[in-house]
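Asks: Please find one structure pasted underneath; my questions will follow.
The values are calculated or read from the model by the stated rules, or taken from the named source; none is laboratory data. Being a predicted model, the structure only gives us computed values, none of them experimental. Accessible surface areas use protein heavy atoms only, side chains included; no ligands, DNA or RNA. Shrake-Rupley method; radii C 1.70, N 1.55, O 1.52, S 1.80 Å.
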Amino acid sequence: MMERRSFIKKSTIAGLGLSILPNISLANTENLDYSILELMGKIDIDLYGEGYKLKKEAHDAFIQMKRAAYTSGINLKIVSSYRSFDRQQLIFERKFINYTDDGMEPLDAIAKIVEYSTIPGTSRHHWGTDIDVIDAYKKVEGDVLVPSKYGEGQPFADFKKWMDENSEDFGFYLVYDDNPRRRGFNYEPWHYSYAPISIPMLESFRSKNIMQVYKNEDFLGSENLTSGFLRTYITNNILDINPKLL
């Protein structure tokens, strides 16, 4: 069994202000300061996997989880993993064009986009720690990343139950849970994060001057990303997540 870094789970958080860092203890882990280029998916990093890309420790933990799920008749399949800045920019700009072409004002279009998709450079998928995962044994028509398909009596209900009971044993935590008080991105029962790496990466992300960084970004719609908008977005979308990942 691969040794995984242990970490303290936080069941509650207070004060999601940008100046307040989460109180995290990571045993046997150095206090790493990840570069802003790595955190934003702008440089090449070592990634592993066939049909998906993850950092090695996250990859190895997923393989162990996948093997365990097989014993319960669940075939874990990653449908999205590492995503570069450029890839996220394409997703964002395509949606921005579609919404504004339909008559939405730019800020309304961005607000619609960030119900499920991130602003380029802020996606957890840039880190090589996060996965969108399903049960490949289930034959589902249309989009598989729809919350209703994970409910009771739905195709991915057994998958969801197994992940609820077992994923944390392998270091993978649901990111955007169904807590009705949570703000930001909508509920995503398919999105899991490898916490031993993603927790310190988020801590490092919070230490950066994101407002200054985005003054130099130039992609379709970026001129609408005011300091006020970004502050609210980071507080609600980036930080209002499963508290165990803070």
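Asks: Round to a whole angstrom and tell me the spacing of the C-alpha centers of region 188-246 and region 65-141.
Replies: Measuring centre to centre over Cα atoms gives 15 Å.
Asks: Greater than 24 Å separation of Cα atoms is the criterion. Which listed pairs, 139/161; 66/138; 112/139, meet it?
Replies: Details: 139/161 18 Å; 66/138 15 Å; 112/139 29 Å.
Cα-Cα > 24 Å for 112/139; rest within.
Asks: With every protein chain in place, what's the accessible area of residue 94 (1.4 Å probe, Å², nearest 10)?
Replies: Surface open to solvent at residue 94 totals about 120 Å².
Asks: Return the sequence-ordered ³J(HN,Hα) values of region 238-246 in whole Hz as given by the Karplus equation 6.51 cos²θ - 1.76 cosθ + 1.60 applied to θ = phi - 60°, using x for Gly and Pro.
Replies: 8, 9, 8, 10, 3, x, 5, 9, 9
Asks: Tabulate in residue order the Karplus-calculated ³J(HN,Hα) for region 222-233, using 6.51 cos²θ - 1.76 cosθ + 1.60 with θ = phi - 60°, rounded to whole Hz; enter x for Gly and Pro.
Replies: 5, 5, 8, 8, 6, 4, x, 5, 5, 4, 5, 4
Asks: Output ³J(HN,Hα) for region 66-80: one whole-Hz value per residue in order, computed from phi by the Karplus curve 6.51 cos²θ - 1.76 cosθ + 1.60 with θ = phi - 60°, and x for Gly and Pro.
Replies: Values per residue, Gly and Pro as x: 4, 5, 5, 5, 4, 5, 9, x, 10, 10, 5, 10, 7, 9, 7 Hz.
Asks: What is region 102-212 by shape, rounded, prolate or oblate, if you read a ≥ b ≥ c off the alpha carbon gyration tensor as root eigenvalues and call it rounded for a/c under 1.5, prolate for a/b larger than b/c, and oblate otherwise? Walk me through the intermediate numbers first.
Replies: Numbers: a/c = 2.23, a/b = 1.23, b/c = 1.81.
Since a/c reaches 1.5 but b/c is at least a/b, the shape of region 102-212 is classed as oblate.
Asks: Collect residues whose amide H, placed 1.01 Å from N in the peptide plane, falls under 5 Å from the amide H of residue 79; neighbours closer than 5 in sequence don't count.
Replies: Those lying under 5 Å, H to H, from residue 79 are 132, 133, 134.
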